[in-house]
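The values are calculated or read from the model by the stated rules, or taken from the named source; none is laboratory data. Everything numeric here is computed off the predicted structure, so don't read it as measured data. We place every Cβ from the backbone using ideal geometry, glycine too, and count neighbours over all the protein chains shown. Only protein heavy atoms, including side chains, enter the accessible area calculation; ligands, DNA and RNA are left aside. Shrake-Rupley method; radii C 1.70, N 1.55, O 1.52, S 1.80 Å.
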Protein chains: 6
Amino acid sequence: MSNLNEKKFFNCSNYTMGKLTSLLVMLHNEEAGADIENEMKRRGYRYTIGKVGAMDLVKVVTAIETSAKSNKVIDPNSYREVHSLYHAILEAIQGIGRGTVQFGDILRTVGLTFCITRGTVEISGYSEEWLSVCIYGTIGAPKKGFEHDVLGFGYNHI
Amino acid sequence: MSNLNEKKFFNCSNYTMGKLTSLLVMLHNEEAGADIENEMKRRGYRYTIGKVGAMDLVKVVTAIETSAKSNKVIDPNSYREVHSLYHAILEAIQGIGRGTVQFGDILRTVGLTFCITRGTVEISGYSEEWLSVCIYGTIGAPKKGFEHDVLGFGYNHI
Amino acid sequence: MSNLNEKKFFNCSNYTMGKLTSLLVMLHNEEAGADIENEMKRRGYRYTIGKVGAMDLVKVVTAIETSAKSNKVIDPNSYREVHSLYHAILEAIQGIGRGTVQFGDILRTVGLTFCITRGTVEISGYSEEWLSVCIYGTIGAPKKGFEHDVLGFGYNHI
Amino acid sequence: MSNLNEKKFFNCSNYTMGKLTSLLVMLHNEEAGADIENEMKRRGYRYTIGKVGAMDLVKVVTAIETSAKSNKVIDPNSYREVHSLYHAILEAIQGIGRGTVQFGDILRTVGLTFCITRGTVEISGYSEEWLSVCIYGTIGAPKKGFEHDVLGFGYNHI
Amino acid sequence: MSNLNEKKFFNCSNYTMGKLTSLLVMLHNEEAGADIENEMKRRGYRYTIGKVGAMDLVKVVTAIETSAKSNKVIDPNSYREVHSLYHAILEAIQGIGRGTVQFGDILRTVGLTFCITRGTVEISGYSEEWLSVCIYGTIGAPKKGFEHDVLGFGYNHI
Amino acid sequence: MSNLNEKKFFNCSNYTMGKLTSLLVMLHNEEAGADIENEMKRRGYRYTIGKVGAMDLVKVVTAIETSAKSNKVIDPNSYREVHSLYHAILEAIQGIGRGTVQFGDILRTVGLTFCITRGTVEISGYSEEWLSVCIYGTIGAPKKGFEHDVLGFGYNHI
């Protein structure tokens, strides 16, 4: 891992949690991704990155939810936390679907990378926990190459 | 501007147009943003970055459309190009709205930065022009600080 | 106020918070309403009842939000609590709108009573706070009597 | 059944058909439910109460439709009546879904009680038949206890 | 007006009410339109044709509703009939809006011709009255020529 | 085929591409349909007419897409053209669905005829290619006769 003082790709110390999450989902394979992860760790955020490809919408929801639970971003035994995550996922999927929350039912397939982050944010003197979900990938026809980028983002209090 | 061979923050030469657009909207004030812009210029993309803050949805649509026209990303006299941009903007706004395309009508306000990019993409041996719109910023109550990140993305053939 | 042991209209001691909220919005002017309120107080719930009539959607959102803040159901200085309430209100309004979140824009007007309740709920051994919003009233044409009942309900963790 | 003159839980003689329907779906197992049923019978309303639990949306639509037909709330051989009921059901399900008419497709399951009522209503001197559908129950993750209340309501002329 | 036995443009005697309505809205200025109108009159249908141009959605709803009332297609004093028409109009507007029921709010304007028809239809031995609304015209940017065709259709029992 | 100069049902030489497409889908079995087809051929439009009946939404999308590809209305190897067609189909299906893009999931079935047309249109001195999709048919309960007309229309640049 890079030494934060020597080699910074971004000076991301003033980025919001949502911005870090969104950049990480796109840059996690880059050297720059390490800077983002370092910043997230420094702040005590809990986060995970995962992938899912499907025509079946429920598989996408399930994959993101399972990833957050098994990587301890949320407590799977707290309904409150599961509820918060669920709505953040749905919001992000609305950005992916752009108008209708359907994939295979309308003959399109997705290949997605997602990042789920949880952390404490200071707003007006209150320290409160929030959750952000960013999904980046491709959507398209079930034919190789006939697809384009998509990006979705959800945010919720936890 | 940085020398591309000496100091690359990203090796973004294999990024899609959508990924470059989305990263630029978040990083345009960073040194890393120069790498993205250089890559976009190298490929001959036409792009612009702008900002808009409003409770009034139509102001957001108008600001993005006007920016693309006045910065020559699209030809304002071609209905075809205006139509393509319009639908890409609406797609991106659906990611911002997450479920309903309304801002002030449901008591929320937005502060947004957007990037519109147009370029030629090779798919299965065809060279075709596409347009991508990424919007990043905040949405929230009309009270300072009571807002969180949003991200929306639209893509269309042109 | 009725003596809970002597005269119970409902034995509502096993009702969910959502059910109490929904019954109260419809029965708050009845004697039976006192039983519901007593049960809510016994559990330590914070709640309020209000009314709003408008063609203008934003007035409905504002009236419900303001009522919850000024009656201490939520802390107006906590963005987390405001965010939770906001999404619960939008959910309830989707039940009122049934397909589109618009009133005057599509030539309809509403006369609504709402109840917002906040309380601790035990789920799988976890004590967690939730918020429920129920809206009951009429929707219709801007002509006296040309209206029918509507009911909407939203629920969120807080 | 309670004697209406001696023991009234509600004096519901001035309630709308929609309000009676909504209260009955929540109180049909209570003594108070008898008062509501008596009032509905006194007015000559035709109604039925049923239950359905499913992840599959079409099972919910089918269960409600079948219940109304087999309990003679509507005439199953009249397309007009079937059409009226169908749209009232969809409206009620929009209150349940709050933003998207999907259950299992987005990893949620429902356990619902519904009441369908049909009756003549006087408006501005016209006697006209209307139909109301109220659905009350729970929605949640496919895990016991990880669910919360939902309420949906639809209304149509018949 | 053409003699029905001598000169028929269409033999439209077996067309549904919806098909006649949709053809009339597109052909009412043609000679062929007379055949459609004759068939509608022969069947005893009540119908009207009107026009509206606006950026303001509520003006479109109002214009269609007012036209149906003042031309006696529906009885403006019957809430049942007004309710039926209202939902048929909203359905037709959803075809015009394609995804969101908004015009000026998202920077688009419409120029529309509409036809509202009411008639008795035989289905499975039942004679029942239905209403159909067809809207045809243009939608586009607020710039002359930057617009394209739109078509919307709604149908309801009355 | 009819001689255009002798026997014209419509003088459709000034009709838009969208209007021709919509009329053809309704009149293709009539003599008048030949006039429309002649006009479309005269202008060099590429078009096709097909049918599909299903409860399964994806079958409808697939049938329309396949018909356009196999009848050379679009080039199946150009993602740009496939993308344009796909969004025009979705728009038309929104007019069919009127509020929700679902068929069998909400217990309804469709029997549809569709026409897809592609042609060059002159707007403000620019010659540009556009695509229009019109769908006409019936939607209803899975019971013979319990169905009514539907009409949907989509339009896109290609």
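Which of the residues spanning the range E:129-158 are in a strand (DSSP E or B) and surrounded by fewer than 17 Cβ atoms within 10 Å (Cβ to Cβ)? If the condition is that a residue be in a strand (DSSP E or B) and surrounded by fewer than 17 Cβ atoms within 10 Å (Cβ to Cβ), then E:Glu129 is the only one that fits.
Scanning the range C:48-76 for residues that are away from every other protein chain (no Cβ under 14 Å), farther than 22 Å from C:Gly95 by Cβ and charged (D, E, K, R) returns a single hit, C:Lys72. Number of residues in the range B:77-103 that are within 7 Å of another protein chain (Cβ to nearest Cβ), over 20 Å from F:His157 (Cα atoms) and of a type outside the set (A, V, I, L, M): the value is 6. In a residue-by-residue description of the range E:104-114, the property of being in a loop (DSSP other than H, G, I, E, B), at pLDDT 95 or above and facing chain F (nearest Cβ under 10 Å) applies to no position.
Under the condition of being farther than 19 Å from D:Ile158 by Cα and either charged (D, E, K, R) or facing another protein chain (nearest Cβ under 8 Å) (or both), the residues counted in the range E:115-138 number 2. Scanning the range A:36-75 for residues that are open to solvent by 50 Å² or more (accessible area, probe 1.4 Å) and of a type in the set (A, V, I, L, M, F, W, C) returns A:Ile49, A:Met55.
Residue pairs whose Cβ atoms lie under 6 Å apart, sitting 6 or more positions apart in sequence or on different chains, and linking a residue in the range D:140-158 that is within 7 Å of another protein chain (Cβ to nearest Cβ) to a partner that is open to solvent by 20 Å² or more (accessible area, probe 1.4 Å) and at pLDDT below 95, are D:Gly145/C:Ser124.
Restricting attention to the range D:22-35, the residues that are within 26 Å of D:Gly95 (Cα to Cα), within 11 Å of chain C (Cβ to nearest Cβ) and more than 11 Å from the chain's Cα centre (by Cα) add up to 5. Across the range E:35-67, the qualifying residues are those that are in a helix (DSSP H, G or I) and over 21 Å from E:Val82 (Cβ atoms), and the one among them that is modelled with the lowest pLDDT is E:Asp35.
Residue check: is A:Ile74 in a loop (DSSP other than H, G, I, E, B) and of a type in the set (Val, Ile, Thr)? For A:Ile74, the condition - in a loop (DSSP other than H, G, I, E, B) and of a type in the set (Val, Ile, Thr) - is met. Within the range E:84-97, the set of residues being open to solvent by 10 Å² or more (accessible area, probe 1.4 Å) and closer than 19 Å to D:Leu131 by Cβ comprises E:Tyr86, E:His87, E:Leu90, E:Glu91.
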